[in-house]
Amino acid sequence: MIETADVLDFEELKTSFDRTFELARVELNQELVHLLIVRTGAARFALKVGELAGLARAQTVVPIPTADAGLLGLAGLKGRMVAVYSLAAQVGTPALSAGAERWLVLCRSDKGIALAFTVAEGTLMVPSSDLCPVSAGAPPHATDAVGSGASRLWLLNVSSIAAAIVQQTATPVAS
Amino acid sequence: MADENLYQYFKIEAREIVADLSRDILGLEKQGGAGLELLPRLLRQAHTLKGAARVVRLPRIAEIAHAMEDALTPHRDSRDVVTAEQIGQLLQQVDIISSEIRALDPAPPTDAQSPLSAVEPFERVRVGLAEMDALLSGVSETAVQLDGIRVGIEAVKQVEDRLAAFERQLAGAAPAPRAHETVEEMRIALQHARQDLATRADGTDREVAEVRGNIDRLRLLPTSLLLPALERAVRDAAETLGKQVSFQTSGREQRLESYVLSALGEALSHLVRNAVAHGIESPPDRLARGKPQSGVVRLKVERHADRIVFTCADDGAGIDVDAVRRAAVSRGVLSAASAAELPVERALELIFSPGVTTSTSLSEVAGRGIGLEVVREVTNRFKGRVGVRTDLGVGTSVEIEVPLSLSSIRAVLVAVGELLVWVPLEAVHSALRLDDDALVALAGRESLVFEGRAIPFIRLDGAMRRVLQPGTDTRPRLAVIVQADADLLAVGVDRVIHVKEVIVHPLPASAGRITPLAGAVFDAQGNPQLVLNPEALLQASLANPSGRTQEDKLAPHILVIDDSLTSRVLLQSILQAAGYKIDMAVSGEDAMAKARKRHYSLFVCDVEMPGMNGFEFVARTREYDYLQGIPSILVTTRGGADDRRRGAEAGARAYIVKGEFTEDSLTETVRSLVG
């Protein structure tokens with residue numbers, strides 16, 4: 001690991017997050033994977049920065065009348081209306097209290113989907129060789145594990161989460 | 001200047017002038033060639049176009065415009081009518097100018113407009129001065145507010161300086177003089193600065209929201225822009241085919257995104273041409289069928305929540321469904337056996353299949369079976385739907401419905417606690433203050449007695465499934481009555497904030513279908529505010545308590561006639577709970593008026609009423625062809641044998657005595673008559 005995932009302040013994190021887009025081409029040659037470390041409730045996950053289109057903090061999410069408990073509501077991100085889904089609900093971790101998920105990442109897939117979580121802790125760059133295949137007990141949408149033991153993080157496939165949401169919404173939820 | 005830049009503004013202006021020329025030449029034709037007001041306008045348009053074409057060195061367009069001027073000038077001076085032949089020539093000249101303008105664009109991609117399309121794509125929009133002024137004014141006002149914020153920041157800085165000086169004094173050996181007064185002065189200065197900053201921030205919010213709305217609005221174009229080209233398409237098709245057709249439009253002006261408008265314009269041009277070519281009969285045929293010599297093609301534009309509906313209807317021959325089946329079989333779309341089994345509605349959908357046409361001849365106007373395929377392609381592209389209804393010998397109506405990506409509506413902002421929701425103004429019937437005893441419980445739901453009938457009542461926070469902050473007073477003080485078709489719903493709110501034109505954005509597809517919402521509006525901070533879909537909310541509200549479904553509209557419609565409010569509400573609640581749609585009338589005369597406007601499946605009528613009594617009403621319904629088939633039930637306090645006999649003689653199918661019936665016996669009787 002090149003950078004420790006300490007909790008950064010938002011501006012620092014945002015700068016770091018944005019810089020990873022600039023660095024991506026260079027780092028690709030070094031087979032590094034850029035990760036955003038997020039916490040949702042007590043659980044921590046890694047997300048590939050390349051699968052994300054933006055990061056926002058303390059975003060207002062307006063609840064909408066829906067029977068889908070994982071759909072927290074709507075938000076305006078980068079001038080677009082997006083549907084905000086709880087990351088916890090998508091990966092099957094315990095539901096959080098209302099308003100606990102104040103950080104959002106915008107999925108890169110052009111579906112207007114944002115995932116909400118408790119806090120972004122930092123960014124990491126890890127050699128792809130450090131990624132381990134998932135083992136039994138991994139949450140849904142986990143593709144790899146980063147690290148081991150107590151510090152192990154599940155790497156979530158954001159595109160897969162977005163695809164699952166799209167598939168789920170294709171069948172209307174009673175509202 | 002590169003040619004593209006040179007022509008950029010000319011093309012915008014020239015297209016507008018061409019549209020105006022088309023409209024006014026067609027207007028001239030409608031007035032039999034006499035046009036005291038139109039001729040000067042046409043001359044001005046031709047003259048302006050000539051001048052603009054010369055500026056950008058397009059001599060061919062300038063020459064044609066000049067020729068049009070030459071043709072029109074004598075008529076302005078002599079007031080002689082412009083002949084039909086001259087009008088035809090003028091329209092041809094407009095067509096040539098259009099072609100010349102189109103030729104200025106780079107070659108379109110292969111899947112661009114079909115050769116038959118009459119509608120120019122709206123790729124660029126000309127922004128009016130008033131719109132630019134509104135934008136500029138908003139930006140200027142935002143700058144003023146920002147100046148105020150800077151003043152406030154300076155005031156805070158001065159307090160900081162004084163605070164620093166005060167700290168130095170405190171650090172000194174001698175006690176600071178007037179310490180309390182100094183602290184108090186700084187507190188007041190800070191308070192003023194904070195208030196000022198808060199006011200300025202609010203002002204900036206408002207102005208930014210205005211600017212955002214105005215910018216969004218610039219992307220939207222009025223549907224009326226389509227009309228000249230469509231009218232021209234109808235006119236040309238009619239002339240080519242030797243038919244007489246009048247083109248009529250109705251519906252309120254809607255504003256749509258330019259790319260949607262362009263695509264729909266193309267589809268509609270095919271529809272109106274098809275209506276003329278395949279729908280409207282030739283003048284001799286129309287006369288032989290007892291119709292006026294001139295046919296009518298009507299285009300209606302309506303907005304339904306987050307969707308826009310264009311209906312193109314004609315009073316022509318209608319579609320021969322069997323001929324459609326045969327055409328589809330002949331094209332190999334399906335087998336003869338399958339075609340024969342296809343229900344009428346499904347068979348009609350075949351006209352949208354590639355190459356399926358019932359036309360036996362190919363003309364310049366239609367007959368290839370391509371036009372309706374384009375209609376379906378366009379509606380599919382925008383995830384819309386197309387439907388067709390036809391009545392052989394009477395006419396055909398084709399409906400295109402597409403979701404709106406961005407639209408501008410007037411809406412009223414209502415609130416309960418911190419929950420803010422916009423309600424489209426066109427769906428608002430009225431608003432009224434709620435008295436403490438205004439709400440009643442009927443058939444297991446809250447209802448409001450409004451204009452003599454009970455209408456469902458729903459609280460805004462309940463409709464939005466929103467749990468408000470603890471301590472919020474959620475008691476509704478006002479009811480906003482919303483309307484969809486003939487149905488009403490009362491929505492309980494605690495305040496109405498204001499009415500405004502807002503830009504509605506669609507909900508992201510990834511949110512799924514959120515039935516009670518038509519979309520959302522961005523506020524000044526870029527956060528969404530919800531927009532209600534009254535029609536869907538009303539349907540859901542009707543469906544919930546009694547388990548009625550989305551097919552509610554298919555439920556039999558019953559007219560309850562009684563001069564007693566209590567009786568009306570009682571009968572309504574029982575019958576609604578049983579799944580019927582109910583209208584109410586307060587007298588026999590009122591019922592006759594309502595029955596003229598809508599078809600009912602059943603009349604449930606009191607006997608003793610002022611004016612026309614129940615016996616007379618039932619007897620009267622037997623006198624009219626359109627009412628004869630509708631059964632009546634008399635519900636009365638008069639239980640004597642004579643009264644029962646009189647009711648039967650009048651034509652009532654059942655006789656129920658008030659106070660003796662139960663809910664079950666009433667619904668059983670109703671069910672036996674209407675199902």
Inset, instruction - Name the one entry in A:R39, A:R19 that is more than 16 Å from A:S128 (Cβ to Cβ), modelled with pLDDT of 85 or more and more than 14 Å from chain B (Cβ to nearest Cβ). - result: A:R39
Inset, instruction - Tally the residues that are more than 14 Å from chain A (Cβ to nearest Cβ) and either surrounded by fewer than 19 Cβ atoms within 10 Å (Cβ to Cβ) or in contact with a Lys or Arg (Cβ under 8 Å, 6 or more places away or on another chain) (or both), restricting the search to the stretch B:450-463. - result: 6
Legend entry - the stretch B:281-317 - residue that is modelled with pLDDT under 90 and of a type outside the set (A, V, I, L, M) and, of those, farthest from B:R513 (Cα to Cα): B:E302
Inset, instruction - With respect to B:P545, determine if the residue is more than 10 Å from chain A (Cβ to nearest Cβ), at pLDDT below 75, more than 22 Å from the chain's Cα centre (by Cα) and not in a loop (DSSP other than H, G, I, E, B). - result: yes
Legend entry - Meets criteria (away from chain B (no Cβ under 13 Å), in contact with a Ser or Thr (Cβ under 9 Å, 6 or more places away or on another chain) and either among the aromatic types (F, W, Y) or farther than 30 Å from B:L460 by Cα (or both)) for A:L156: yes
Legend entry - Test set (1) in a loop (DSSP other than H, G, I, E, B); (2) among the hydroxyl-bearing types (S, T, Y); (3) within 22 Å of A:A58 (Cα to Cα) - A:Y85 fails condition number: (1)
Inset, instruction - Answer with yes or no whether B:A84 is in contact with a Gly (Cβ under 9 Å, 6 or more places away or on another chain), surrounded by fewer than 15 Cβ atoms within 10 Å (Cβ to Cβ) and not assigned by TED's automatic domain parsing to the domain that holds B:L227. - result: yes
Inset, instruction - Check whether at least one residue in the stretch B:291-302 is touching a Ser or Thr at 6+ places or on another chain (Cβ under 9 Å), crowded, with 20+ Cβ neighbours inside 10 Å, more than 19 Å from B:A237 (Cβ to Cβ) and of a type in the set (D, E, K, R), and report yes or no. - result: no
Inset, instruction - Being surrounded by fewer than 24 Cβ atoms within 10 Å (Cβ to Cβ), out of contact with any strand residue (DSSP E or B) (no Cβ under 8 Å at 6 or more places or on another chain), under 21 Å from A:L155 (Cα atoms) and modelled with pLDDT under 90 narrows it down to one of A:G92, A:G122, so name that one. - result: A:G92
Inset, instruction - Only residues that are surrounded by fewer than 24 Cβ atoms within 10 Å (Cβ to Cβ) and more than 10 Å from every other protein chain (Cβ to nearest Cβ): list them for the stretch B:505-525, please. - result: B:A524
Inset, instruction - State all residues of the stretch A:71-92 that are among the small types (G, A, S) and within 11 Å of chain B (Cβ to nearest Cβ); if no residue qualifies, say none. - result: A:G73, A:A75, A:G76, A:G79, A:A83
Inset, instruction - Within the stretch B:621-630, identify whether any single residue is over 40 Å from the mean Cα position of the chain (by Cα) and more than 19 Å from B:V569 (Cβ to Cβ), and answer yes or no. - result: no
Inset, instruction - Please specify each residue of the stretch B:433-448 satisfying the condition of being of a type outside the set (G, A, S), at pLDDT below 80 and part of a loop (DSSP other than H, G, I, E, B). - result: B:D436, B:D437
Inset, instruction - Given the conditions (1) among the β-branched types (V, I, T); (2) surrounded by 14 or more Cβ atoms within 10 Å (Cβ to Cβ); (3) free of Cβ contacts under 8 Å to residues at least 24 places away in the same chain, report the number of the one that B:V211 does not fulfil. - result: (3)
Legend entry - Given (1) more than 29 Å from A:I165 (Cβ to Cβ); (2) away from chain A (no Cβ under 14 Å), index of the condition B:P424 fails: (1)
Inset, instruction - Inspect all residues belonging to the stretch B:474-493 and state whether any of them is within 14 Å of chain A (Cβ to nearest Cβ) and either assigned to a strand (DSSP E or B) or over 30 Å from B:E663 (Cβ atoms) (or both). - result: yes
Legend entry - Filter result (among the aliphatic types (A, V, I, L, M) and over 16 Å from B:E239 (Cα atoms)) within the stretch B:259-290: B:V260, B:L261, B:A263, B:L264, B:A267, B:L268, B:L271, B:L287, B:A288
Legend entry - Enumeration of residues in the stretch B:526-539 that are at the interface with chain A (Cβ under 7 Å from one of its Cβ atoms) and at pLDDT below 85: B:G526
Inset, instruction - With a cut-off of at least 2 residues that are of a type in the set (S, T, N, Q) and at pLDDT 85 or above, name the helices (runs of 4 or more DSSP H) lying wholly within the stretch B:594-675. - result: B:663-674
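The values are calculated or read from the model by the stated rules, or taken from the named source; none is laboratory data. Given the structure is predicted, the values throughout are model-derived calculations rather than measurements. Backbone-built Cβ (ideal geometry, glycine too); neighbour counts: all protein chains shown.
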